[in-house]
1. Could you tell me which residue of the range 533-547 is modelled with the highest pLDDT, considering only residues that are surrounded by 18 or more Cβ atoms within 10 Å (Cβ to Cβ) and farther than 30 Å from N277 by Cβ?
2. Between a residue in the range 491-519 that is more than 20 Å from L620 (Cα to Cα) and any residue that is of a type in the set (F, W, Y), which pairs come within a Cβ distance under 6 Å, given they are 6 or more apart or on different chains?
3. Tell me yes or no: at least one residue of the range 420-431 is of a type in the set (A, V, I, L, M) and assigned to a helix (DSSP H, G or I).
4. Identify, please: which residue in the range 609-641 is charged (D, E, K, R) and in a loop (DSSP other than H, G, I, E, B) and is, among those, nearest to K468 (Cα to Cα)?
5. In the range 549-579, what residues are exposed (fewer than 11 other Cβ atoms within 10 Å of the Cβ) and in a helix (DSSP H, G or I)?
6. Just checking, which of L179, L266, L186 is exposed (fewer than 14 other Cβ atoms within 10 Å of the Cβ) and within 29 Å of the chain's Cα centre (by Cα)?
7. Take the range 387-435 and flag every residue that is closer than 26 Å to L527 by Cβ and surrounded by fewer than 18 Cβ atoms within 10 Å (Cβ to Cβ).
8. Could you say whether any residue in the range 296-313 is in contact with a helix residue (DSSP H, G or I) (Cβ under 8 Å, 6 or more places away or on another chain), within 30 Å of F629 (Cβ to Cβ) and touching a residue at least 24 places away in the same chain (Cβ under 8 Å)?
Amino acid sequence: MKHWRWEQDAQGLVWLTFDKAGESTNTFSREALDELDAALDAVAAQQPKGLVIRSAKDNFIAGADVNEFVKFKSSDEAFEFTRKGWDVMQKLRDLPFPTTAMIHGFCMGGGLELALACRYRVALDDPKTRFAFPEVMLGIWPFWHGLQWLPKLVGPAAAFDLLLTGKTADTRKARRIGLVTQAVPLRILENTARMVTLEAPAPRALPFLQRLMLGPLRGLVVSQARKQVAKRARREHYPAPYAILEAWQKYDGDLLRSKDDPFCSLKALSEHPTTANLIRIFFLQERLKSIGKDTDFTPKHVHVVGAGVMGGDIAALCAMRGMTVTLQDTAPERLAPAVKRAAKLFARRLRDRRRERDALDRLIPDVSGAGAARADVIIEAIFENLAAKRELFAKLEAVARPDAVIATNTSSLKLADIAAGFRDPSRLVGIHFFNPVPQMMLVEVVSGEHTAPALAAKAAAFVRSIDKLPLPVRDAPGFLVNRVLGPYMQNAFRMLDEGAKPETIDAAMEAFGMPMGPMALADTVGLDICLAAGKELAKKGASGEPDAPQILLNKVALGHLGRKSGQGIYAYEKGKPAKGQPDAYDQGLIDSLIEPYLTEASAVHAEGIVADADLIDAGLIFGTGFAPFRGGPLHYLATRP
């Protein structure tokens with residue numbers, strides 16, 4: 001076999017190892033499934049005392065090979081491949097002896113279904129061990145029994161928290177909800193898998209209420225879950241989460257019984273245009289993840305100058321990812337709010353007192369700026385003032401190590417203008433984050449006229465090391481994201497000046513498929529930042545009106561800066577906008593709101609600011625939330641009727 005190997009030990013256990021040939025990650029191709037099928041037959045013939053399935057890679061199993069999906073010429077071919085996975089997982093589940101999945105790293109999709117087919121799951125207690133069903137993000141549902149088996153194991157509430165969102169659960173959460181049998185450190189992982197398999201403890205029983213939710217209360221569970229889904233996604237845009245609920249309610253997640261259903265079958269979903277577009281986005285994301293891999297740069301110390309919301313959050317994110325971070329500002333009282341925000345982020349994300357403490361220990365206040373001389377990466381995140389940035393960089397260039405990455409987080413100034421003050425302009429690169437830093441995945445890596453290509457590659461590698469998506473862009477006003485958002489936002493504000501209600505504008509864009517409307521987005525970014533960026537872009541010649549919208553000027557003059565001040569376009573109560581009802585709107589309003597966005601995306605492509613149309617689509621999906629089900633703005637332009 002190419003991908004699987006197995007051996008029987010002295011205690012009568014068989015250890016079956018997945019090691020996909022020629023790949024760094026285990027995924028299920030048709031060949032790997034066929035080999036697993038044959039391996040299970042061979043193992044069963046040995047009549048062992050038990051079976052442990054493990055991975056020889058850094059992760060367990062990432063799921064089905066998505067490359068298989070794009071090869072299918074018809075929904076019949078898709079069903080045939082899916083039926084194979086369904087049958088193999090059932091064969092594993094039906095083995096007459098105890099079976100255990102020994103899990104470390106990612107356990108996703110088909111990999112999690114294999115784990116569910118086993119009687120026990122023993123997992124490495126480590127933050128990098130993660131469980132998820134990302135199928136909903138591809139427009140489908142877990143067809144290899146995942147929808148059938150997960151609710152029975154952990155109960156419908158915990159199951160749908162994973163199935164309907166695609167989000168991950170770490171080992172401790174998986175243990176808490178009953179997905180994992182044992183969570184143990186690496187030194188005893190193998191022995192625990194052995195002992196659990198040999199001892200074959202009785203399975204965990206679901207609490208009485210959860211059993212009711214599987215039976216008489218199933219309809220109520222589906223009704224409540226459907227209401228929650230409707231708050232986040234429209235059925236006509238994203239049919240998969242609705243199909244998951246329907247398939248579970250009507251067919252108990254059975255691939256075969258749901259085969260001909262026009263709403264939730266594999267055929268119905270695979271032929272829906274959303275599915276093709278979401279699979280397209282998966283590959284776009286994988287392409288972004290590959291950027292920066294051509295260098296072995298592994299930064300350990302990051303120095304951030306500017307402890308405002310942006311700089312402080314960049315510093316916190318780097319510390320959370322294991323780096324030593326020195327955070328510089330002009331006085332201790334300017335650093336304190338950033339450290340306080342970081343502590344809240346660590347508590348929310350890490351949920352472990354020891355790990356929170358360790359992350360805070362790595363975040364070092366540095367009023368003097370001494371950390372710049374030791375840093376692998378230096379990031380400037382001060383206010384948007386050219387003279388101030390030049391003055392700061394003159395000091396940083398003088399003390400920085402020759403091999404250090406020196407970066408600006410500017411959102412509207414040209415790198416060429418900032419680099420003009422450098423002794424060696426090739427040392428400056430842009431690393432442009434977006435607010436809110438912990439949530440936004442995209443980071444623009446900006447190359448100026450003189451930026452050294454090796455430096456840009458190191459900057460992209462740094463971005464990947466903090467689990468963000470790097471997008472290489474050429475130095476130009478607004479780069480990609482702000483360049484495209486500028487005319488879009490300007491147009492929306494102009495409509496506001498002309499009397500349109502903000503609720504109507506936002507509702508129209510949400511109907512188009514944007515995650516939030518332009519008015520809510522402006523409040524999130526900050527109206528002062530919108531005003532400053534708009535003026536700078538207009539001055540530099542990007543498209544859009546040079547005169548700022550009157551309502552934007554008025555709001556900023558009053559100190560109504562958006563969500564951060566409690567009042568912007570909307571008033572905020574406990575962080576939530578107080579919105580009225582939108583007026584009626586038609587397709588004409590939707591088209592007039594989105595057209596400047598699409599026009600500017602096309603202009604960026606024509607000017608070569610980003611390498612190609614696919615990267616523009618990727619940048620605008622992950623940087624602005626452009627309606628994912630449409631596949632990206634340029635793809636949408638090329639395919640709309």
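The values are calculated or read from the model by the stated rules, or taken from the named source; none is laboratory data. A quick note: this is a predicted structure, and the numbers were derived from the prediction, not measured. For neighbour counting, all protein chains shown are included, and Cβ atoms are generated from backbone atoms with ideal geometry for every residue, glycine included.
1. Keep residues of the range 533-547 that are surrounded by 18 or more Cβ atoms within 10 Å (Cβ to Cβ), which gives 533-534, 536-538, 542, 544.
Narrowing the set further to residues that are farther than 30 Å from N277 by Cβ leaves 534, 536, 538.
Numbers: G534: 73, E536: 61, A538: 54.
The selected residue is G534.
2. Hits for this filter: T504/Y585.
3. Going residue by residue through the range 420-431, those that are of a type in the set (A, V, I, L, M) are 420, 428-429, 431.
The next check asks that each one be assigned to a helix (DSSP H, G or I); those that pass are none.
No - not one qualifying residue is present in the range 420-431.
4. Pass one, the range 609-641, residues charged (D, E, K, R): 612, 614, 617, 630, 640.
Next, only the ones that are in a loop (DSSP other than H, G, I, E, B) stay: 612, 640.
Details: D612: 20, R640: 30 Å.
Checked the range 609-641; the qualifying residue nearest to K468 (Cα to Cα) is D612.
5. Residue satisfying the conditions is A557 alone.
6. L186
7. The answer is A387, A388, D417, N435.
8. yes
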